[in-house]
Amino acid sequence: MSRKILIINTGGTLSAVMKQNGLIPGLSIYDMQKELKMVSGDTDIEIEDFCSLDSANIFPEDWSALAKRISECRNDHDGIVVIHGTDTLAYTSSMLSFMLRNINIPVVITGSQLSITNPVADAMENCRCAIHMAASGIPGVFVAFNRKVMLGCRVSKVRSLSFDAFESINYPDIATISSLGMRIDTAAVPERTGIFKLANTYSSKVCMIKMFPGIHRSLIESIAGQGYKGLYIEAYGIGGMPFLRHDFTGTLEKLIKDGLTVVVGTQCRYEGTMMDVYETGRRALEIGALEAHDMTGEAALTKLMWILGMTDDPSEIRDFYSINMAGEMTLRQVSR
Ligand code: ASP
């Protein structure tokens, strides 16, 4: 019996048409039906429009509604493909990995760098790969792009123009397509750790800053003054921040005491934090900052939003954040 796959369209370049004000996601899923049929092989596809947005216009409320829709459809389909703009795709795939934790079917997000109407586009190939993965029976949230399948909570958009726009950061690809066909590395697929339960709440009182020499402490003070509950800091190297003439650590300590959750990650794309090495990192740990380890910025931020949507209890926040929830984080064995 052929596999039943639902394709949900949210917009992005894959569905783009040129209008007076520039490219906009103008095609509905029904306009793309013929092309999708051409790449769906022997799967039985159903299609629906969720929205038609450039992904710069996707917001957390869309993640929540999309997760709910996927959850509603999960028992009637063998897999689900989501068409999405590439710009914020990694945020969506990270958040869906948390909200749909332990889902029982494959959910595969894809997009393209050129519209499906363009004869030299990557769109058809990406949809083919996504549909194929969605039919694999391997549960989880994935991203299919440029003949690779990656774990949803590990991807980042690393190129703005090339077809090879996404990479799996600090984690192996789940599948690759070559002349050998689609090879799935099943050992890299995180095991389900329980039964599925939709968890689509979040807090939008979260923000993110990038550390730079010259950044002023008043910036983070003003953030806390606006009622933010969580702050993700892209710090330097393995997780350092200033504490001497400009005492960021001292300012953060006050804010953490007042209830702000602070997560420290790194500006380096690969390898992650190791905050117990330098004094600059150790001090941040001592005042109660949490460590992002090898998570992508997209996963670290959305995980914070997701956890703060579930609890305000500082020790629960700390515990949840430190757990590898969906394969997003490798916990380091401390050997020193
Ligand atoms: N601006 C587009 C979007 O993210 C880019 C793309 O889809 O490639 O919706």
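The values are calculated or read from the model by the stated rules, or taken from the named source; none is laboratory data. The model shown is predicted, which means the values in this text are computed figures rather than measured ones. All Cβ positions, even for glycine, are placed from backbone atoms using ideal geometry, and neighbour counts span all protein chains on display.
Details
- Failed criterion for Arg183 (all others in (1) over 26 Å from His293 (Cβ atoms); (2) in a loop (DSSP other than H, G, I, E, B) hold): (2)
- The condition of being within 14 Å of the ligand (Cβ to nearest atom), closer than 17 Å to Ile7 by Cα, under 13 Å from the mean Cα position of the chain (by Cα) and in a loop (DSSP other than H, G, I, E, B) holds for Thr86.
- With respect to (1) crowded, with 19+ Cβ neighbours inside 10 Å; (2) farther than 17 Å from Ser136 by Cα; (3) more than 11 Å from the ligand (Cβ to nearest atom), the lone exception for Glu72 is condition (1).
- Within the range 284-320, tally of residues that are of a type outside the set (A, V, I, L, M, F, W, C) and under 24 Å from Tyr171 (Cα atoms): 10
- Entry remark, the range 95-130: residues being out of contact with any Cys (no Cβ under 6 Å at 6 or more places or on another chain), surrounded by 24 or more Cβ atoms within 10 Å (Cβ to Cβ) and in a helix (DSSP H, G or I) number 9 in total.
- Among (1) within 16 Å of the chain's Cα centre (by Cα); (2) of a type in the set (Gly, Ala, Ser); (3) under 30 Å from Tyr30 (Cα atoms), the one test that Ser204 misses: (3)
- Within the range 1-56, considering residues that are assigned to a loop (DSSP other than H, G, I, E, B), under 25 Å from the mean Cα position of the chain (by Cα) and not hydroxyl-bearing (Ser, Thr, Tyr), the one farthest from the ligand (Cβ to nearest atom): Ile29
- Close pairs (7 angstrom Cβ cut-off, 6 or more residues apart or separate chains): more than 13 Å from Leu36 (Cα to Cα) and modelled with pLDDT of 95 or more in the range 106-117, more than 11 Å from the ligand (Cβ to nearest atom) and acidic (Asp, Glu) anywhere: none
- The range 57-69, residues that are away from the ligand (no atom under 11 Å from the Cβ), surrounded by 15 or more Cβ atoms within 10 Å (Cβ to Cβ) and not acidic (Asp, Glu): Pro60, Trp63, Ser64, Leu66, Ala67, Arg69
- Looking only at residues of the range 161-207 that are aromatic (Phe, Trp, Tyr) and over 30 Å from Ser115 (Cα atoms), we find that the one that is nearest to the ligand (Cβ to nearest atom) is Tyr202.
- Hits in the range 1-40 (condition: modelled with pLDDT under 95 and among the small types (Gly, Ala, Ser)): Ser2, Gly22, Gly26
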